[in-house]
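Data block below; observations after.
Every number here is computed from the coordinates shown, using simple stated rules; none is lab data. In this text the structure is predicted, and so the values were computed from the model without any measurement. Here Cβ is always computed from backbone atoms with ideal geometry, including for glycine, and neighbour counts include all displayed protein chains.
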Amino acid sequence: MSRVLVLNGPNLGRLGSREPEVYGTQDLNALRVLLAEQAGSAVEIDVRQSDDEAELIHWLHEAVDAATPVILNPAAFTHYSYALRDAAALVTRAGIPLVEVHISNPHAREEFRHSSVISGVATGVIAGFGFDSYLLALRVVAPGT
Ligand code: DQA
């Protein structure tokens, strides 16, 4: 069975109650269910969330070592974490797909959200479609889902 790592950065553990007008009313568990439904029995979906940069970096190292495709919502780290960028680059330079996703469209929001230090090393970016951003990314990293 193939696996996909779905990594979520800071404050995404608060989905459901955090700025529902921006991020919707569904929580991370609802995302887990939606992804598992789309994946079916052929692909194992491993959804994780951390507020800790180091933990996210370790998970990206794990993806490199196990050659596991990654769907990454770096949350606010998107805009300034060079350490996360370097870890994401390890994934894609190993030939493993990594799709950067965002629930909202950062380009339609505050100026500081307009730049991503991750996009330049990601395989691709999907933003602005709510939880569908993740579902579209899953289709890319696990063709046939
Ligand atoms: C986000 C957008 C980021 O700017 C923000 O810091 C987040 C969530 C999104 O999914 O829309 O925490 O990555």
(message) Counting C-alpha atoms alone, how compact is the chain: give Rg to one decimal and Dmax as a whole number, in angstrom.
(response) 13.9, 42
(request) Please give the length that would be gained between Val140 and Ser41 if that part of the chain were fully extended, namely 0.36 nm times their separation in residues minus their C-alpha to C-alpha distance (nm, one decimal). (result) 33.9 nm
(message) Given an 8 Å cut-off on Cα distances and at least 6 residues of separation, report the relative contact order of the stretch 41-133 as a percent.
(response) 28
(request) Rounding to the nearest 20 debye, state how big the charge dipole of the chain is about its Cα centre with +1 on each Lys and Arg Cβ and -1 on each Asp and Glu Cβ. (result) 280
(message) Apply the Karplus curve 6.51 cos²θ - 1.76 cosθ + 1.60, θ = phi - 60°, to the phi angles in the stretch 37-46 and return the couplings in whole Hz, x for Gly and Pro.
(response) 4, 5, 5, x, 8, 7, 10, 8, 9, 10
